[in-house]
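*Asks:* Dumping the structure here so I can ask a few things about it.
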Amino acid sequence: MKKIIALLVFLTIGFVSCKTSEKEKNKEISKLEIAKQYYKALDNSDGTILKDLLTDSLLTKETDYDYEQTFLRDKYIEEWLRWDSVFNPKYKTLEIKQENEIVKAKISKYDKRINFLHKEPTVWKAVIRFDNGKISSIERTNVVFNEKIWVENRTKLLSWIDENHPELNGFINDQTKSGGIMFLKAMELYENKK
């Protein structure tokens, strides 16, 4: 009987310590791994994974334009991510490393909208900050972005839509899935105008 009790105690201790180390292991996911998962989730337009990687709000900064925007996490996923997914984006991590409490990355993105407006992938450097093991802010600085071509192509598209399909006006600032669909429709109409 003593052997059975000793065996049960031993198994219980082993089971509890395995569960504890598994919890500790999950807590110790590195900031680098979180950042990698974030860009993979963007590439797959996977809001379920993003929900676990972001704090309740996400601050995004565009340093080239001194612009920042704070998204509520659910709005970022439900609106912006769905808008982004319409264009079939391909995110590529070119470089990524952790430096103390931040992660620095160099990212490339290509999609139907970027192809239309920029004609080549955009590339930027990102500084990713964390709060309690989740991404709280992302600061971007462009590396490859031809603003002149982007603005020229956007202006041509908007002018043509204004003259020929005014029912689509407003798509350029509508970062929802329906806005993305209207953006795709505008590009398609413009490209097939001849």
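The values are calculated or read from the model by the stated rules, or taken from the named source; none is laboratory data. Quick caveat: nothing in here was measured; it's all calculated off a predicted structure. Using ideal geometry, Cβ is built from the backbone for each residue, glycine included, and neighbour counts are taken over all protein chains shown. Side chains included, ligands, DNA and RNA excluded: accessible areas come from the protein's heavy atoms. Shrake-Rupley method; radii C 1.70, N 1.55, O 1.52, S 1.80 Å.
*Asks:* For region 64-142, state which trypsin sites (Lys or Arg not before Pro) are in a DSSP loop and have at most 16 other beta carbons lying within 10 Å of their beta carbon. Please report the intermediate quantities before stating the final value.
*Replies:* Values: sites: R73, K75, R82, K90, K92, K97, K104, K106, K109, K112, R113, K119, K125, R129, K134, R140; in loops: K119.
The qualifying sites are K119.
*Asks:* Let me ask another. Leaving ligands, DNA and RNA out of it, report the carbon-plus-sulfur percent of the accessible area of the chain at a 1.4 Å probe. Walk me through the intermediate numbers first.
*Replies:* Numbers: 6360 of 12380 Å².
After summing per-atom areas, the C and S share lands at 51 percent.
*Asks:* Mind pulling up the Rg/Rh value for region 53-194? Radius of gyration and Kirkwood radius, both on Cα.
*Replies:* Details: Rg = 16.5 Å, Rh = 16.5 Å.
Result: Rg/Rh = 1.00.
*Asks:* Please report how far the C-alpha centroid of region 69-91 lies from that of region 150-166, rounded to the nearest whole angstrom.
*Replies:* That distance is 24 Å.
*Asks:* In addition: Between K125 and K148, what's the calculated FRET efficiency when r is the beta-carbon distance and R0 is 30 Å? Round to 0.05. Don't skip to the end; give the middle numbers.
*Replies:* Working: r = 21 Å, r/R0 = 0.69.
So, using R0 = 30 Å, E works out to roughly 0.90.
*Asks:* Put a dot 7 Å past each Cα toward the Cβ at T141 and I49; how far apart are the dots in nm?
*Replies:* For the pair I49/T141, the computed spacing is 2.8 nm.
*Asks:* Rank by packing, highest mean first: peptides 49-60, 177-188, with packing defined as the count of other Cβ atoms within 10 Å averaged across residues. Let's see the in-between values first.
*Replies:* Details: 49-60: 16.3, 177-188: 17.8.
In descending order of packing, they fall as 177-188, 49-60.
*Asks:* Here's something else I'd like to know. Per residue, how much accessible area does region 124-194 show when a 1.4 Å probe rolls over the protein heavy atoms, in square angstrom? If you can, show how the numbers build up before the last one.
*Replies:* On the way: 4270 Å² over 71 residues.
With the other protein chains kept in place, region 124-194 gives 60 Å² per residue.
*Asks:* Still on this structure, I have one more. Mean Kyte-Doolittle hydropathy of 0.0 or higher plus an axial Cα length of 20 Å or more: which whole DSSP H helices in the chain meet both?
*Replies:* Working: long enough: 2-27 (38 Å, 0.23); 147-164 (25 Å, -0.88); 177-191 (21 Å, 0.19).
Those that clear 20 Å and a mean of 0.0 are 2-27, 177-191.
*Asks:* Here's another thing I want to ask about it. Using a ≥ b ≥ c from the Cα gyration tensor of region 68-145 (square roots of the eigenvalues), is it rounded, prolate or oblate, where a/c under 1.5 gives rounded and otherwise the larger of a/b and b/c decides, a/b for prolate? Don't jump to the answer; show the numbers that get you there.
*Replies:* Details: a/c = 2.34, a/b = 1.25, b/c = 1.86.
Here region 68-145 falls in the oblate category.
*Asks:* As an exercise, identify the GluC sites (Glu not before Pro) in region 58-138 lying in DSSP coil whose Cβ has no more than 15 other Cβ atoms within 10 Å. Please report the intermediate quantities before stating the final value.
*Replies:* Details: sites: E62, E68, E78, E79, E95, E99, E101; in loops: E101.
Sparse-neighbourhood loop GluC sites (Glu not before Pro): E101.
*Asks:* Taking 0.36 nm per residue of sequence separation and subtracting the Cα-Cα distance, how much length would be gained by fully extending the chain between E33 and K112, in nm to one decimal?
*Replies:* Values: separation 79, 0.36 × 79 = 28.44 nm, distance 2.82 nm.
Answer, rounded to one decimal: 25.6 nm.
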